[in-house]
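Below: one structure in structure tokens.
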Amino acid sequence: MSRFWAGASSSDSDDSSDADSSFYSSDEEQGKAAGANNRWVDFSDSDSSDDENRVVLSAGDRAKETFNKHIVNLRKAMKERDYYTIQTEFDEFSKALVKNKKTLQKGIPRTVVRILVDLEDYVPERLADKASFKKLSARQGRALNRLKLTLKKHNKPYTVVMEHYRKNPEAGDDDEDNAGGNDSDSESSSSSSSSSSSSSSSDSEKKGKDSDDGDSDDSGSDDDGDKDSINWDSDDASSSSSDSDGAGDAYKGLQGRAKWLKKVPSPKDKPKSKPTAETLGKTDGPKKKETKVTSKDHAAIRAPKSVIQEEGLTAAVLNRKLQEIASQRGRRGTDPRQLLRQFEGLSRLSMRFGPRVEIPILMYVISAQFGLQYTIDDYMDTPTWRACATYLERISKVIVDDGYRLGVQNLDEADLFLGTGKAANRMKAAALTGGDGALEAVAADEKLINPHTGEEETEDQRAERLRVEREKAMTEDEKKTIPVVGSLSLHLSRLEEEYTKSLQKISHNTEEYVTRLRDESKLVSLLAKMQTYFEREGMTTEAAQMAELHLEHIYYRHDTIAHQVDKAAEFYEIYGEVNMLHPACVSNHSGNSDSATSHPGAVSGKPILDDSNSTAAKTNYSAVMNELCTYVYKNGTDQAKKRATICHVYHHALHDRFLDARDLLLMSHLQENIYDVGDITTMIMFNRMMAQLGMCAFRQGRIWEAHQCLTEISSGKVRELLAQGMSMGRFNEKTPEQEKAEKRRQVPYYQHINLDLLEACHLISAMLLEVPNMAAASVGGDASQGRRARPISRAFRKHQDIYNHQVFTGPPEQTRDYVMRASKALAKGDWKSCVELCTSLDSWNLVPGDGAADSIKNMLASKIKLEGLRTYLFAFSAQYDSLSLNQLCAMFEMSKNEVHSVVSKMMINRELYASWDQPTETIVLKKVEPNPVQVMALQFAEKAGHLIEANERLLDATSGNKEDYWKGGRGDRGDHQEGDRFGNRVGSRGGQNQGSGFNRGNRQPAGGRGQRRDGGNKGRGRSGRKPGGRGGGGQRRGNRKF
């Protein structure tokens, strides 16, 4: 060692008993020899002229030295009959064997095999001496009993090698001196080691230190071979020194720092013989080599892969091993992945014993797979998920196709904790007796006798015999019942949850996401099979749960998309990946029919799945939805019924069945009690349903209904309401826990509703309603009477004000820009520009269905023409005395019947004061203005209405009915029409709006107060988000007939 570390201590220190001093002294001697000509390591004490080199031991040599150290301690304790020391030392010895597993794969040293055989013979011999056993202390007795159980379990992998040794134990004794580790394995090794250890006090303390350190076999302490109590071949230290000197000649060419740096030696610098622990104790005689067991019989020991030996395997042995592995679950330090591998190994071995043995093991495997996720945010990886689905498919095949059923297996918790088998039974019996009898009960070997043959049998044989006898005594119905641990319905629910969670975590821009979507068809088919099984067994609750999960994975798909997706899944199941097909199959060139000159795949071409052979092409998804929803309505829980209703309405709306969807929603009264659910995910589903219902109404040209459905969702935080993203604003006050919870509620990307399409439907429907309303209010009417016009869509007006206040408006880029420019064109009467802007949106191509985009564009053109005509009449009717019908038809490219219908409705609703002159086909306009008294009466009526609303709100707050205000009585605040949510509007604006619809309930559900108070549509109510909404059944402005 260098002087820098040694400090002022000299080599003649008298404190030889201190372990640290001896350690530094030995290092100092090594340093003197290694750094003789080194300018980096300078030693002043040079009284030794011998040049010694440090010894580098390989992993195998260190392992041998560790093994022999433990063997010496074991034999010493065996001689002294110190069973506690034997048990403690054997635990360390077994850990060393596991640690050096790679070294043992090359061959197990004979010394290791010999000590295992000796211990296996030693322990039963000591237990057989009952008189001595009774005299032992409690600790020694427990150690001996535990040692017996430990040896039985530990020596199983080494059975083949130990039998090989027992057949010929003297095979290596003739060359005992040539064995690599026979120095301490003879019968006199214990006495020789103890005599050498008592030669000096310093050596004795050094040995104690080495014994405590276990595997601490650093290169610095390996050079003290002459002072160690463990010698590999002989006790001659001089031969070790001479050998070390000879081995160190190869390093003489290295000077200074080069000797201490890591370096890959070149062939010329590589030493001829590597100094190891074997060469330290060699004499000048011939070269010796260690005897190893290299028989091919113990290949399983070199690479143990199986959980249990297949030879003589029975169902009882398999079940005992299953319970043993299951008892380790949840314990500290247990690797769940290792347990999963063991369960899977047992499942492969159990296939030969039939479903009664295989299915319970598969249930354990599935439970272990779900146990790999440590936190709620972890999700099951794709290979594990598919393996779990495969196991569940195997179970479904057995219980559905083969007619089996699953029962409930009861486990004894004491057996599960202590383990099963003879040892556990004896331990429980000993616990009941106590005292010296407990030790005798544990140590005694119970002999099992077969009552039929009278021969002795093992416990595994008895367990198998009893199992066979029980099965013979069973009836056919009992044989078809398989007792299992766990719930099949919970496993399926967890499988569906892990699938959804994985789609939330995986990026939708990756190929892995697309590949993951294929597993949904497998999940849906699995849920359908399990629902059939539960229905057969009369388990209606579980069957309804499977039906609900099935619904939630098919309700969002349009029939055209569902057919293609399921057909692609069938193609993948039959032919596999498309990109993995042979190039001859996918080429456009048709080959010859001669297989000798062309590939067979080129003749048949690319494989195609015909509709006649496809199950997906024959599936009626609407009928499937009706069947599943009907079953949930009958047998499901309240929560399941509400979710099924939402899915059913969504599916109707997706396929343009607006009236069916609306009627189903009204009959369920879901919009009234949605906030009583208490489940945020169900509220999110309700918001998605309302958005889809509004877009369905828009596609069918029901502009008013579409606006009423979409105005609440689209005017606020649409991403949060639909669970399609999170807002990260500056004033976001969410805690990390709230953010995590919101991320868990996110809808997978493939179920998203396109926000551009949603915004386009909302803004265009608002434009078609608001532009005529603004035109009517700006000319005469309310403006001249001093009354403010009531807006229909505040969100639209806000966007329009922002657009109008812009200094420079460039070409439209976003959907909002297109609609704002179209609204300005419509207000000016340029309906053609409005049609061009609205129909040029790319969002219409995202609507599913054949020809859906063209039908929407045609509908928009007709609606814009109609509203353009209304806007023109509102804005310029005061400037004309009469209007020609033919002129209006030419201006708006509408037929006479269409123009006549629009103008007549405006006359009926008192929006246009005119009359028809049938002979001349002209509209005669009238100038009718209310007198000042009538204007004041109208103002008074409107203010009285506001006062009544304020009083009613105050009454609800003071009488304790405030909750009713928020949950369906009066509705939430908004700027919408009063009364019901939907309605068949008799006439147009300004008259009575007959309410036959429902109010929305996505954030704060609302209902008309008129219906709640007097049962009719004459009352005044509120709806929307701002105070001041008015009158589903009452007159909106009053009759303009003066």
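The values are calculated or read from the model by the stated rules, or taken from the named source; none is laboratory data. Fair warning: this is a prediction, and the values are worked out from it, not measured in the lab. Here the Cβ positions follow ideal geometry from the backbone for every residue, glycine too, while neighbour counts run over all protein chains shown. When the accessible area is computed, the model is the full protein with side chains, heavy atoms only, and any ligands, DNA or RNA have been set aside. Shrake-Rupley method; radii C 1.70, N 1.55, O 1.52, S 1.80 Å.
Arrange the peptides 616-629, 527-540, 652-665 so that the one whose residues have, on average, the most other Cβ atoms within 10 Å appears first.
652-665, 527-540, 616-629
I've got another one for you. Packing-wise, with mean Cβ within 10 Å as the measure, how do 565-573, 449-457, 761-769, 140-148 rank, highest first?
Sorting 565-573, 449-457, 761-769, 140-148 by mean packing, highest first, produces 761-769, 140-148, 565-573, 449-457.
Lys and Arg at +1, Asp and Glu at -1: add these up for the other residues within a Cβ distance under 14 Å of ARG470 and post the number.
Surrounding charge for ARG470 is +2.
While we're on this one: Can you give the accessible area per residue of the range 731-853, in Å², using a 1.4 Å probe?
That works out to 51 Å² per residue.
Moving on to the next point. In whole Hz, with x marking every Gly and Pro, tabulate ³J(HN,Hα) for the range 909-919 from phi via Karplus 6.51 cos²θ - 1.76 cosθ + 1.60, θ = phi - 60°.
Karplus-based 3J(HN,Hα) across the range 909-919 equals 7, 6, 8, 9, 8, 7, 8, 8, 10, 4, x Hz.
Sum up the charges of everything whose Cβ sits under 12 Å from the Cβ of ILE574, counting Lys and Arg as +1 and Asp and Glu as -1, but leave ILE574 out.
With Lys, Arg at +1 and Asp, Glu at -1, the neighbours total -3.
If ligands, DNA and RNA are left out, what is the accessible area of LEU846 with a 1.4 Å probe, given in Å² to the nearest 10?
Accessible area, nearest 10 Å²: 100 Å².
Further, regarding this structure: Using a 1.4 Å probe on the protein heavy atoms only, what accessible surface does SER132 show? Give it in Å² to the nearest 10.
Accessible surface of SER132 is approximately 50 Å².
Can you report the principal axis dimensions of the range 691-745 using only the alpha carbons, biggest first, rounded to whole angstrom?
Reported extents, whole Å, longest axis first: 44, 22, 11.
Taking a probe of 1.4 angstrom, what is the accessible area of SER843 in Å², to the nearest 10?
In the full protein context, SER843 sits at about 10 Å².
Something else about it: How would you order 751-758, 806-813 from highest to lowest mean count of nearby Cβ atoms within 10 Å?
Ranked from most to least packed, the peptides come out as 751-758, 806-813.
Show me the three semi-axes of the equivalent ellipsoid for the range 343-411, from the C-alpha gyration tensor (sqrt of 5 times each eigenvalue), largest first, rounded to whole Å.
23, 13, 12
What shape does the range 750-883 take by its C-alpha gyration tensor, where a ≥ b ≥ c are the square roots of the eigenvalues and a/c under 1.5 counts as rounded, a/b above b/c as prolate, and the rest as oblate?
Prolate shape, in that a/c is at least 1.5 and a/b is the bigger ratio.
Given the Cα-Cα distance of ARG467 and ASN754 and 0.36 nm per residue of separation, how much length would full extension add, in nm?
Stretched fully, the ARG467-ASN754 segment lengthens by 97.3 nm.
Right, next: Explain nothing, just the number: dipole magnitude of the range 50-144 about its Cα centre with +1 on each Lys and Arg Cβ and -1 on each Asp and Glu Cβ, in debye rounded to the nearest 20.
Magnitude of the dipole: close to 440 debye.
List the pairs from LYS824/LYS863; LYS717/LYS743; LYS321/LYS397; LYS152/LYS321 whose alpha-carbon separation is above 19 Å, in the order I gave them.
Violating the 19 Å limit, Cα to Cα: LYS321/LYS397.
Could you let me know the centre-to-centre spacing of the range 450-497 and the range 816-838, using Cα atoms, in angstrom?
Taking the Cα centre of each part, the range 450-497 and the range 816-838 sit 76 Å apart.
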